[in-house]
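Structure, as structure tokens:
The values are calculated or read from the model by the stated rules, or taken from the named source; none is laboratory data. Keep in mind that what you see is a predicted model, and the values were worked out from it rather than measured. Every residue, glycine as well, gets a Cβ built from its backbone with ideal geometry; the counts of neighbours run over all protein chains shown. Heavy atoms of the whole protein, side chains included, go into the accessibility calculation; ligands, DNA and RNA do not. Shrake-Rupley method; radii C 1.70, N 1.55, O 1.52, S 1.80 Å.
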Amino acid sequence: AQSVTQLGSHVSVSEGALVLLRCNYSSSVPPYLFWYVQYPNQGLQLLLKYTSAATLVKGINGFEAEFKKSETSFHLTKPSAHMSDAAEYFCAVSPQGGSEKLVFGKGTKLTVNP
Amino acid sequence: AAGVIQSPRHLIKEKRETATLKCYPIPRHDTVYWYQQGPGQDPQFLISFYEKMQSDKGSIPDRFSAQQFSDYHSELNMSSLELGDSALYFCASSLFRVTETQYFGPGTRLLVL
């Protein structure tokens, strides 16, 4: 069985500050890991993914995440927050191999203050 | 690039009515997934199809059924609707064992009154 825990349902940062959204996973098999972003009343957009290649993954909009097997973590970071980053962020896991269902975390709502 | 298309985008139904949600995957994608996202909740997997066959099943109520057609589009049929069925229903598509990424549609927002 696989699961994802996102620490902090709400995160608030100032514009220009570091963004850190935490995700820890539990998986009995090697996982694929994903970060999706959801803007209000919109669908889920893929930010980045880990598929057993490089452990440091770069995504869109300046976001990146590092897969740390020893810590079972896949935290999402961005050096400098922008107002447009305000959204809900979901971490998700699936077994390696592809074409399996995604198991999502509860989500973290990011607020960016001017 | 073409994306996943879902219709309708919004749907209002009364209790005990039926609803049909449609999903058109990205061209050449052969696998379709359905997810339900309740208000303030994370998306929950309902069911998936590969090559018109059900490939996995999640927490889908018995009142719901789904299928994938020969052109790979999929329909989610929901009967005896309950207030608790009000949610955002997402469809996602991928290419089996080739793309590990699921691409999501914009969702259908269902409101049951």
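Can you give me the accessible area per residue for the protein assembly as shown, using a 1.4 Å probe, in Å²?
Using a 1.4 Å probe on heavy atoms only, each residue of the protein assembly as shown averages 47 Å².
Ranked highest first by the average count of other Cβ atoms within 10 Å around their residues, in what order do B:7-18, B:29-40 fall? Intermediate values should be presented prior to the final figure.
Values: B:7-18: 12.1, B:29-40: 20.4.
Highest-to-lowest ranking by the protection proxy: B:29-40, B:7-18.
Please give the FRET efficiency for A:His10 paired with B:Arg28, using the beta carbon to beta carbon distance and R0 = 41 Å, rounded to the nearest 0.05. Walk me through the numbers on the way to the answer.
Working: r = 39 Å, r/R0 = 0.96.
Given R0 = 41 Å and the Cβ-Cβ separation, E is 0.55.
Restricting to Cα pairs below 8 Å that are 6+ residues apart, what does the relative contact order work out to for chain B? Please round to a whole percent.
Values: 289 pairs, mean separation 41.4, N = 113.
Normalised by residue count, the contact order of chain B is 37 percent.
Place a point 7 Å from the Cα of A:His82 along the Cα-to-Cβ direction; which residues of region A:30-48 have their backbone N under 17 Å from it?
A:37-40, A:45-48
To the nearest whole number, what is the average tally of beta carbon atoms from other chains within 10 Å of the beta carbons of peptide A:41-54?
Details: counts 4, 4, 13, 12, 2, 4, 0, 0, 2, 1, 2, 1, 0, 0.
That works out to 3 on average.
Show me the ranking of peptides B:88-95, A:104-111 by mean Cβ neighbours inside 10 Å, starting with the highest. Numbers along the way, then the final one.
Details: B:88-95: 24.5, A:104-111: 19.2.
Ranked from most to least packed, the peptides come out as B:88-95, A:104-111.
Given a cut-off of 33 Å, what percent of all Cα-Cα pairs of the protein assembly as shown lie beyond it?
16
Is there a simple number for the mean count of other chain Cβ atoms within 10 Å of the Cβ of residues in B:42-48, and what is it? Before the final figure, lay out the partial values.
On the way: counts 13, 9, 3, 6, 1, 1, 3.
The mean count of partner-chain Cβ atoms within 10 Å per residue comes to 5.
So which of A:Lys68/B:Lys52; A:Lys68/A:Lys109; A:Lys58/B:Lys52; A:Lys109/B:Lys22; A:Lys69/B:Lys52; A:Lys78/B:Lys57 end up more than 32 Å apart by C-alpha?
Details: A:Lys68/B:Lys52 37 Å; A:Lys68/A:Lys109 23 Å; A:Lys58/B:Lys52 35 Å; A:Lys109/B:Lys22 29 Å; A:Lys69/B:Lys52 36 Å; A:Lys78/B:Lys57 36 Å.
Checking Cα-Cα distances, A:Lys68/B:Lys52; A:Lys58/B:Lys52; A:Lys69/B:Lys52; A:Lys78/B:Lys57 exceed 32 Å.
Which of the peptides A:43-51, A:77-85 is most tightly packed, and how do the rest follow, judged by the mean count of other Cβ atoms within 10 Å per residue?
A:43-51, A:77-85
How many partner chain Cβ atoms sit within 10 Å of a residue's Cβ in peptide A:100-110, on average, as a whole number?
5
So, R0 is 22 Å and r is the distance between the beta-carbons of A:Ala17 and A:Ala53; what FRET efficiency does that work out to, to 0.05?
Calculated transfer efficiency: 0.15.
In debye, nearest 20: dipole of chain A around its Cα centre with unit charges on the Cβ of K, R (+) and D, E (-)?
The dipole of chain A has a size of about 180 debye.
Based only on Cα atoms, what Rg/Rh ratio does chain A have, Rh being taken as Kirkwood's radius?
Ratio of gyration radius to Kirkwood radius for chain A: 0.95.
Figure the gain on full extension for B:Leu83 and B:Leu111 (residue separation times 0.36 nm, minus the Cα-Cα span) and round it to one decimal in nm.
Here the segment from B:Leu83 to B:Leu111 would lengthen by 9.3 nm.
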